[in-house]
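Peer 1: This structure is in structure tokens; I'll ask about it shortly.
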Amino acid sequence: MDWIAARRMALAAAALGITAWPAAASRDSALHAPALPQEDCIVGQPGAAQAAAAAPVLVDGLGFAGIEPDSGNQEARAWFAQGVRLIWAFDEVEAIRAFQMAQRLDPNCAMCFLGEAWARGPTINLSPRTGELVAARAAVARAAALGQRLGARDRLILRGMQIRTRRGADFSNEAYATYMEGAALGMPGDDTLAILAADARMIAWGETEPPVDSLAQQLLERVLARSPDHGGAIHYYIHLTDWIDRQELAVPHAERLGLIAPAASHLVHMPSHSFFGVGRYGDAAAVNVAAIAADRAFVARARPAASDYRVGLLAHNMHFAIESALARGDGATALAVSRQFREAYLSGEVDQRIRVLGSATFYASGLHGDIGAVLALPEPAHVFDRAQRHYARGEALARRGDAAAVRAEAAAIARLRSGRDSPGLGRRGGQLAEVFQFVLEGRAAMLAGDPRAAAAAYRKAMERQVAADFGSDPPLFWYSVRRSLAAAMLEAGEHDSARAQLYASLRHWPNDALALYLLSRADRAAGDSASADRNLARARAIWAGDVTQVPMTRI
């Protein structure tokens, strides 16, 4: 994993506001397409200011809190616990509202003010949050004035928040992390200190590559060993293992998270990071569909304050669901979620970063939508949308077997890339448009029976994809083009070269069913029938349809 590039992508998404459970979460089973409603799932649109909202309500199913306030008021205690649960679920705007409700009910509750300060601080997805510093510092000061009754552990947390919000231009993340690590080591049996210390260090890493077996990792693993239902610990551990490219470590914990906190949409979503990383694409799609439903239910029940970050998380869930479904050939789910994404995000004024995520909806249409409907799509105004439309049309025409028409769509993308509107593509849009063009050139050459020309085109697309480093959250382009290069090599009789490309592809896209299918063919050509049988069986178990019916021209 290229940590720096991936982290930058996550931070860019965070600036935008971006970053029912499967019955058998331990296996990647074939699932029917979920029935998704057609209405919008969100309140607000990207770029909207926080809107006035109804008074918050207490919501069941948000998971584990693990911290008790210094209040005897039962309602205040309930609101405090909800605030903590919402922090674990990365819903800081609603957490602040919950802590403020607790403060109204018990103005002498120091922890209720301390919770607000915590919720206003930086997170691994929201940094630097400089605009929250004054309010966070005021909340800490109020907590300190009321904190004479706090226990030893909570006084350590208070001191940590004082360090974090001390006078300066920004939050003191490094000093806070160092202090909290010392506090956690001094009270090794306390889960809350361990999680706060791990979180603080993860925030302080910023764009620095984290080490494997860091203190943060050790602290989270200790908490999970003694408190396996702590949703906050699982959440942060999934992020950490994703960053160090060891997603398999979090899988046993990820399988529990949606069951622990079924009403917290972000926690329902989080296992998909682990599942996608180990190639459980069906499960990754399913938990994101469940997260979309959980978000819709939360909005209907709680009527939360609108925030760009909350809206972005839903866009992330939808994008993740579409790409995960595409990775296993589940066109029905990909198309169903694409409809929701388009209705929620791609009408009216569209933020460029949302537009790039929306490319997944074009992939779904081109690969699985009605061909006539795809070809009838009107030409959009924005240059990147035009490039995406040409790519979708090219994939649809490839399903028809029309090499000349596919080549024409590739040429249209090339003209956009060199035309006067090309600056409107943006950096990511320009990189994706290059991949679109060369993939379609490869498709056309394969359809025309020229696998060597196809390999040349696919190699260009693969090189652009690798150089762009579209991340793994999931990647902005829907599949490993190295797989298509291998397909062209196989057709050209270059079996050993194809196998080498497939092994390289599977290292980054584990359990890619079409790559496994190609590998089975390469194995058989090399005379390794046992390996061919194993890989074919794996491919058939993963793919939503009959993997052997996918033509080489579309792999």
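Peer 1: Place the peptides 130-141, 405-416 in order of packing, highest mean first, counting for every residue the other Cβ atoms within 10 Å and averaging per peptide. All intermediate terms of the calculation are to be shown ahead of the outcome.
Peer 2: Working: 130-141: 17.3, 405-416: 20.4.
Ranking the peptides 130-141, 405-416 by packing returns 405-416, 130-141.
Peer 1: Taking R0 as 56 Å, what's the FRET efficiency between Ala492 and Ala300 from their Cβ-Cβ distance, rounded to 0.05?
Peer 2: Numbers: r = 55 Å, r/R0 = 0.99.
For Ala492 and Ala300, the calculated efficiency is 0.50.
Peer 1: If you don't mind, there's one more thing I want to ask. Taking Cα atoms of region 468-552, Rg/Rh with Kirkwood Rh, to two decimals? If you can, show how the numbers build up before the last one.
Peer 2: Details: Rg = 12.5 Å, Rh = 12.9 Å.
When Rh is taken as the Kirkwood radius, the ratio is 0.97.
Peer 1: Counting C-alpha atoms alone, how compact is the chain: give Rg to one decimal and Dmax as a whole number, in angstrom.
Peer 2: Reported Rg and Dmax, both Å: 24.6, 80.
Peer 1: Looking only at Cα atoms, what is the convex hull volume of region 192-271 per residue, in Å³? Don't skip to the answer; put the middle values down first.
Peer 2: Values: hull volume 6.7 nm³, N = 80.
It is 84 Å³ per residue.
Peer 1: Distance in nm between label sites at Arg339 and Arg153, each 7 Å beyond Cα in the beta-carbon direction?
Peer 2: The two pseudo-label positions are separated by 4.9 nm.
Peer 1: Calculate, axis by axis, the spread of Cα positions in region 91-227 along the three principal axes, and write the results as whole Å, longest axis first.
Peer 2: Dimensions of region 91-227 along the principal axes of its Cα atoms: 43, 31, 25 Å.
Peer 1: Rounded to the nearest 500, what is the chain's calculated 222 nm mean residue ellipticity when only DSSP H runs of at least 4 contribute -39500 (n - 2.57) each, over all residues? Before the final figure, lay out each step's value.
Peer 2: Numbers: 27 runs with 360 residues, N = 555.
Result for the chain, helices only: -20500 deg cm²/dmol.
Peer 1: Another question, if that's okay. Would you mind getting the accessible area per residue of the chain, heavy atoms of the protein chains only, 1.4 Å probe, in Å²?
Peer 2: On the way: 20400 Å² over 555 residues.
That works out to 37 Å² per residue.
Peer 1: State the percentage of accessible surface on the chain attributable to carbon and sulfur atoms; use a 1.4 Å probe and exclude ligands, DNA and RNA. Don't skip to the answer; put the middle values down first.
Peer 2: On the way: 10500 of 20400 Å².
C and S fraction of accessible area: 52 percent.
Peer 1: Given R₀ = 30 Å, what would the calculated FRET efficiency be for Glu379 paired with Val466, taking r from the Cβ atoms and rounding to 0.05?
Peer 2: Working: r = 31 Å, r/R0 = 1.03.
Calculated value: 0.45.
Peer 1: In region 178-266, which GluC sites (Glu not before Pro) fall in coil by DSSP and have 12 or fewer other Cβ atoms within 10 Å?
Peer 2: Glu207
Peer 1: Work out, step by step, the length gained on full extension between Arg452 and Arg415: first 0.36 nm times the residue separation, then minus their alpha carbon distance; give nm to one decimal. Write down the numbers at each step before the final one.
Peer 2: Working: separation 37, 0.36 × 37 = 13.32 nm, distance 2.43 nm.
Answer, rounded to one decimal: 10.9 nm.
Peer 1: Extending each Cα 7 Å along its Cβ direction at Ala138 and Leu259, get the distance between those two points in nm, one decimal.
Peer 2: Distance between the two pseudo-spin positions: 4.5 nm.
Peer 1: Using the Karplus curve 6.51 cos²θ - 1.76 cosθ + 1.60 with θ = phi - 60°, work out ³J(HN,Hα) for each residue of region 530-546 in order, rounded to whole Hz, and write x for Gly and Pro.
Peer 2: 5, 5, 4, 5, 5, 5, 5, 4, 4, 4, 5, 6, 8, 5, 5, x, 8
Peer 1: Here's something else I'd like to know. Quote the charge dipole size of the chain about the Cα centre in Debye, to the nearest 20; the model charges only the Cβ of Lys and Arg (+1) and of Asp and Glu (-1).
Peer 2: Working: 59 positive and 59 negative charges, 122 e Å.
With only Lys, Arg, Asp and Glu charged at Cβ, the dipole is about 580 debye.
Peer 1: Once you list every other residue whose beta carbon is under 14 Å from the beta carbon of Val481, what net charge do they have if Lys and Arg are +1 and Asp and Glu are -1?
Peer 2: Details: positive: Arg443, Arg459, Lys460, Arg464, Arg482, Arg483, Arg554; negative: Glu395, Glu434, Glu441, Glu463, Asp469, Asp512.
Around Val481, the surrounding residues sum to +1.
Peer 1: Apply the Karplus parameterisation 6.51 cos²θ - 1.76 cosθ + 1.60, with θ equal to phi minus 60°, to every residue of region 134-148 and state each ³J(HN,Hα) to the nearest whole Hz, in sequence, with x for glycine and proline.
Peer 2: Once rounded to whole Hz, the list reads 4, 5, 5, 5, 5, 5, 5, 4, 5, 4, 5, 5, 9, x, 4.
Peer 1: Based on the mean of other beta carbon atoms within 10 Å per residue, what is the order of 66-72, 227-233, most packed first?
Peer 2: On the way: 66-72: 19.3, 227-233: 22.1.
Peptide ranking by packing, descending: 227-233, 66-72.
Peer 1: Near Thr192, within a Cβ-to-Cβ distance under 12 Å, what is the net charge of the other residues, with Lys and Arg +1 and Asp and Glu -1?
Peer 2: Working: positive: Arg153; negative: Glu68, Asp154, Asp190, Asp191, Asp199.
Local net charge: -4.
Peer 1: Moving on. May I ask you to compute the full-extension gain from Asp370 to Arg166, defined as 0.36 nm times their residue separation minus their alpha-carbon distance, rounded to one decimal in nm?
Peer 2: On the way: separation 204, 0.36 × 204 = 73.44 nm, distance 5.87 nm.
Once the chain is fully extended between Asp370 and Arg166, it gains 67.6 nm.
Peer 1: Restricting things to alpha carbons, find the Rg to Rh ratio for region 88-134 using the Kirkwood radius for Rh. It would help to have the intermediate numbers written out before the result.
Peer 2: On the way: Rg = 11.0 Å, Rh = 11.0 Å.
Computed over Cα atoms, the ratio is 0.99.
Peer 1: Give the calculated FRET efficiency between Asp245 and Ser531 to the nearest 0.05, with a Förster radius of 30 Å applied to their Cβ-Cβ distance.
Peer 2: Numbers: r = 26 Å, r/R0 = 0.86.
Rounded to the nearest 0.05, the efficiency is 0.70.
Peer 1: May I pose another question? Relative to the present Cα-Cα distance, how much length would full extension add between Ala500 and Asp229 at 0.36 nm per residue of separation?
Peer 2: Working: separation 271, 0.36 × 271 = 97.56 nm, distance 4.21 nm.
Stretched out fully, the Ala500 to Asp229 stretch lengthens by 93.4 nm.
Peer 1: Further question on the same structure: Please give the peptides 94-104, 539-549 ranked by average Cβ packing (other Cβ atoms within 10 Å per residue), highest first, as a rough proxy for protection. Spell out each step's value before the answer.
Peer 2: Details: 94-104: 23.2, 539-549: 17.0.
Result, highest mean Cβ count within 10 Å first: 94-104, 539-549.
Peer 1: For region 396-528, what is the convex hull volume of the alpha-carbon atoms per residue, in Å³? List each step's numbers first, then the result.
Peer 2: Numbers: hull volume 14.0 nm³, N = 133.
Taking only Cα atoms, region 396-528 has a hull volume of 105 Å³ per residue.
Peer 1: What are the ³J(HN,Hα) couplings of region 510-524, residue after residue, when phi is run through the Karplus curve with 6.51, -1.76, 1.60 and θ = phi - 60°? Round to Hz, x for glycine and proline.
Peer 2: Per residue, the Karplus-derived 3J(HN,Hα) values read x, 6, 5, 4, 6, 5, 5, 4, 4, 4, 4, 5, 5, 4, 5 Hz.
The values are calculated or read from the model by the stated rules, or taken from the named source; none is laboratory data. The structure presented is a predicted model; accordingly, all values stated were derived computationally and were not measured. Cβ: placed from backbone, ideal geometry, glycine included. Neighbour counts: every protein chain shown. Calculation scope for accessible area: heavy atoms of the full protein, side chains included, ligands and nucleic acids excluded. Shrake-Rupley method; radii C 1.70, N 1.55, O 1.52, S 1.80 Å.
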